[in-house]
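Below is one structure, written out as structure tokens, with a few remarks after it.
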Amino acid sequence: MSTRSRSSRNRIVVSDPHAEIAALREALEHQRDEDAAKERHLERYAADLRATSRRERQRERELRESHTATVRALSNAVEARDAYTAHHAERVTAYGTEIAAVIGLALSELPEVEYGFLLHDIGKVGVSDAILFKPAKLSAAERRQMELHPLIGDEIIREIEFLNPAREVVRHHHERWDGSGYPDGLAGEEIPLTARVFALADALDAITSDRPYRAASSVASAREELRRAEGQFDPAILEAFEQIPDERIEEIRAAAA
Ligand SMILES: [Fe+2]
């Protein structure tokens, strides 16, 4: 027998409240089961997503590590040619990272920029030994050949997508603040910031390293020399460098000697 009947106005009328409550309970129970199933499904979905994202992060880490290893191998290959530049790229990268941190540029978080520091002279593979290792002063024609290395380097890495952001340092690492550098004669802020940081770090390492024709200078005299050559460097970068204590510079020098 039906527990409900319809009134003339088509409204449901409860004729048996106990049966109605039982029906509602049953419906509620059913709803609970459905909700629990949905929840389990969502939990499984979330777990899948977490696993996928973990795998993605792992893959990204592996890719980055393999990129870094490749870049270091290339950088070592360039340096292996010249005994006097051993660990130069490594030290310049460390100095650059330190200076960049003072100006608020997280160079260490941008490996693709760091790659530019490590590979800055990769174009020297295209310069002959006779020019690269000539003990005497280069002739004008030889100097022109030598000054092609940023362009050759840019050309070498141009097709490698992950090295794209490194190109600004590779191409512009010999530009000078006053516009007297090469290859494009850029001046001031036309020079990419990373290349401006590089220029100072590179000069610092050159002055504080032994060369066949002169001994390494102290950090204090390197500071004086860099100040005298201020037209070459971004004044803001020079100022950032001044804030780094001598001991920190010595520490980097000793770690990558
Ligand atoms: Fe260079």
task: Per residue of the range 132-144, in order, report the coupling 6.51 cos²θ - 1.76 cosθ + 1.60 (Karplus, θ = phi - 60°) as ³J(HN,Hα) in whole Hz, putting x for Gly and Pro.
output: 4, 10, 4, x, 8, 5, 6, 6, 4, 5, 5, 5, 4
task: Show the residues, 5+ positions off or on another chain, whose built amide H is closer than 5 Å to the amide H of HIS120.
output: none
- request: Work from the charge dipole of the chain (Cβ charges, +1 for Lys and Arg, -1 for Asp and Glu, about the Cα centre) and give the residue of PHE241, ILE252, ALA51 farthest towards its positive end.
  value: ALA51
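For the chain, give the magnitude of the charge dipole about the Cα centre (Cβ charges: +1 Lys/Arg, -1 Asp/Glu; no others), in debye to the nearest 20. Walk me through the numbers on the way to the answer.
Numbers: 36 positive and 48 negative charges, 188 e Å.
Dipole about the Cα centre, nearest 20: 900 debye.
Taking the inverse of the average 1/r across all pairs of different Cα atoms in the range 109-154, what Kirkwood radius in Å do you get? It would help to have the intermediate numbers written out before the result.
On the way: mean 1/r = 0.0866 Å⁻¹.
The answer is 11.6 Å.
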field: Rg over Rh, two decimals, the range 131-257 (C-alpha only, Kirkwood Rh)
entry: 0.98
query: Among ASP33, ASP178, which comes first, then next, by fewest other beta-carbon atoms within 10 Å?
result: ASP33, ASP178
field: Residue-span extension gain [SER139 to ALA236] - 0.36 nm each, minus C-alpha spacing
entry: 31.5 nm
statement: Taking the dipole of the range 164-221 about the Cα centre (Lys, Arg +1; Asp, Glu -1; charges at Cβ), the one of GLY179, ALA199, SER218 that reaches farthest to the positive side is SER218
task: Quickly work out the ALA206-to-ALA27 label distance, labels modelled 7 Å from Cα along the C-beta direction, and quote it in nm with one decimal.
output: 8.5
message: Working only with C-alpha atoms, what are the Rg and Dmax values of the range 35-168, expressed in angstrom?
response: 21.9, 84
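What are the membrane-span-like helices in the chain by this rule: whole DSSP H runs, Cα extent along the axis at least 20 Å, mean Kyte-Doolittle hydropathy at least 0.5? Could the numbers behind the result be given before it?
Details: long enough: 17-80 (92 Å, -1.23); 88-102 (21 Å, 0.15); 193-207 (22 Å, 1.31).
In the chain, the long hydrophobic H runs are 193-207.
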- prompt: To the nearest 0.05, how large is the calculated FRET efficiency for ALA47 and HIS87 if R₀ is 45 Å and r is the Cβ-Cβ distance?
  reply: 0.45
- request: State the volume of the convex hull built on the alpha-carbon positions of the range 24-71, expressed per residue in Å³ and rounded to an integer.
  value: 28
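Send over the per residue convex hull volume for the chain, Cα only, as a whole number of Å³.
Working: hull volume 62.2 nm³, N = 257.
In the chain, the Cα hull volume divided by residue count equals 242 Å³.
No value in this document is a laboratory result; all are computed from the given coordinates. Small disclaimer: the values here were computed from a predicted structure and weren't measured. Reconstructed Cβ throughout: ideal geometry from the backbone, glycine too, with neighbour counts over all protein chains shown.
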